[in-house]
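Engineer: Below is the structure I would like to discuss, written out as structure tokens.
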């Protein structure tokens, strides 16, 4: 074959990841917290983006003078192109253009129904607070609700009040202040006492002596340095701290291992006494400071909300609190575009405008995809929401992807770190995808999560004199039409944190 220059035509296919596609994929797999952080960064970087509700730079006294009777709301909102993801994603009003051809869609949740609810609530609030607390008298003072709110004292306030009453020596009071500030959330002393002694310039014996006095404060067990000391302080308060109990507390690791025979040998008592001491330990509080804990437990903020429909079925909607509302300010874009003469500046403005439009489109696509995937999951797992875990079906990503005509990777990104609030609690979307376990009778396969729940129910209902072994559980499940191996039962049991049958028999014999 001669070597010579020539022209050839070749045809090939390749996947090109454009920046817009990369942005859409990135937003799809972000959680609601990560999404808000990303949008905040874009708001700081892009001057053409702004939050919904903020006054745009294009609005001023020149465009809306005070002597003007007012600009109509429709005309005023036309300058800002907005997307509100709290609206129903599947509802389209006449005149809406396709998203692929026009990114500047206006979404609004100010429906007539919402307006009526807002007006009623506003009117009720005005009447309620205007007349609250007057009692039919002539006192026109507005009632302050904050003046009657009860407050629970914190742990440190509770300890400081005891410190002021019980301790007279100023040095011990200073030591007490440092020790109170050294407490962790459970009520234990964090770190060593030597740094406190060095900071105050006093002897270590003085700090330890003061600590012994502070350990008599309420609640019992406070100012302990470890779990054994915390429990011993509470037992001393009950006058139950003898030499045998001290030995028992020094070997709590054996209790955690359920080595009751070893504890009985070390303490020099029989199994019945060990069971009594263990029962007494269970009545104590290992974290005494949590009684004063005022931290409100914040549940996971769901991305999707689900509630039953009065006529049957479910109502599924996106959580508006987790979806950012962003606006593209076309007025500001037009103003600075006409006022800019530099080619570099015009290019920068156009890039910002395109980036803002693509962000709005990506957020819209993300919200729509989450809603579609969640709707199909609920449709296929309807038995779970009606009957519970025992009705959970086997489900894989491919089952959802084929119905909604999406790729499995897209469904995987949507279901990662996304949560749904249901009448049965808050679940991650990944929870509804479980492998299948074959049926021994050749019928419909069973969900692994449902089988795991059935194993837990069998063990919870077993009698103390008839502990079920793994083989016994396999026999019961086979009779119920579940084809499962003993090693699978053992794996599910261990994943649930349930000990073996031998250990359960020993614990129930000793009253655990």
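The values are calculated or read from the model by the stated rules, or taken from the named source; none is laboratory data. It should be emphasised that the depicted structure is a prediction, and the values quoted were computed from it without experimental measurement. Glycine gets a Cβ as well: all are built from the backbone with ideal geometry, and neighbour counts include every protein chain shown.
Engineer: Applying the selection to the stretch 386-405, what residues are out of contact with any strand residue (DSSP E or B) (no Cβ under 6 Å at 6 or more places or on another chain) and modelled with pLDDT of 90 or more?
Structural biologist: Selection gives 395, 396, 397, 398, 399, 400, 401, 402, 403, 404, 405.
Engineer: Then there's this: Residues being exposed (fewer than 14 other Cβ atoms within 10 Å of the Cβ) and not in a helix (DSSP H, G or I): count how many of those fall in the stretch 245-259.
Structural biologist: Residues meeting the conditions: 1.
Engineer: Could you list all residues from the stretch 420-433 that are out of contact with any helix residue (DSSP H, G or I) (no Cβ under 7 Å at 6 or more places or on another chain) and over 19 Å from residue 456 (Cβ atoms)?
Structural biologist: Within the stretch 420-433, 421, 426, 428 meet the criteria.
Engineer: Within the stretch 472-499, count every residue that is without any contact (Cβ under 8 Å) to a residue 40 or more places away in the chain and either assigned to a loop (DSSP other than H, G, I, E, B) or touching a strand residue (DSSP E or B) at 6+ places or on another chain (Cβ under 6 Å) (or both).
Structural biologist: So the answer is 3.
Engineer: Right, next: Of the residues in the stretch 182-222, how many are touching a strand residue (DSSP E or B) at 6+ places or on another chain (Cβ under 6 Å) and crowded, with 20+ Cβ neighbours inside 10 Å?
Structural biologist: Restricting attention to the stretch 182-222, the residues satisfying the condition of being touching a strand residue (DSSP E or B) at 6+ places or on another chain (Cβ under 6 Å) are 182, 188.
Now drop any that are not crowded, with 20+ Cβ neighbours inside 10 Å, which leaves 188.
Qualifying residue count, the stretch 182-222: 1.
Residue by residue, here is whether (1) at pLDDT 80 or above; (2) surrounded by fewer than 17 Cβ atoms within 10 Å (Cβ to Cβ); (3) under 19 Å from residue 336 (Cα atoms); (4) outside the structural domain of residue 408 (by TED's automatic domain parsing) holds:
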site: 10; (1), (2), (3), (4): yes, yes, no, yes
site: 13; (1), (2), (3), (4): yes, yes, no, yes
site: 26; (1), (2), (3), (4): yes, yes, no, yes
site: 34; (1), (2), (3), (4): yes, yes, no, yes
site: 44; (1), (2), (3), (4): yes, yes, yes, yes
site: 50; (1), (2), (3), (4): yes, no, yes, yes
site: 80; (1), (2), (3), (4): no, no, yes, yes
site: 93; (1), (2), (3), (4): no, yes, no, yes
site: 99; (1), (2), (3), (4): no, yes, no, yes
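Engineer: May I pose another question? Check the stretch 260-281 and report whether any residue there is assigned to a loop (DSSP other than H, G, I, E, B), within 30 Å of residue 152 (Cβ to Cβ) and in contact (Cβ under 8 Å) with a residue 24 or more places away in the chain.
Structural biologist: Taking every residue of the stretch 260-281 in turn, none turns out to be assigned to a loop (DSSP other than H, G, I, E, B), within 30 Å of residue 152 (Cβ to Cβ) and in contact (Cβ under 8 Å) with a residue 24 or more places away in the chain.
Engineer: Further question: For the stretch 371-401, name all the residues that are over 16 Å from residue 314 (Cα atoms) and part of a helix (DSSP H, G or I).
Structural biologist: Hits for the stretch 371-401 are 389, 390, 391, 397, 398, 399, 400, 401.
Engineer: Out of the residues in the stretch 463-498 that are within 23 Å of residue 258 (Cα to Cα) and out of contact with any helix residue (DSSP H, G or I) (no Cβ under 8 Å at 6 or more places or on another chain), state the one that is surrounded by the most Cβ atoms within 10 Å (Cβ to Cβ).
Structural biologist: 491
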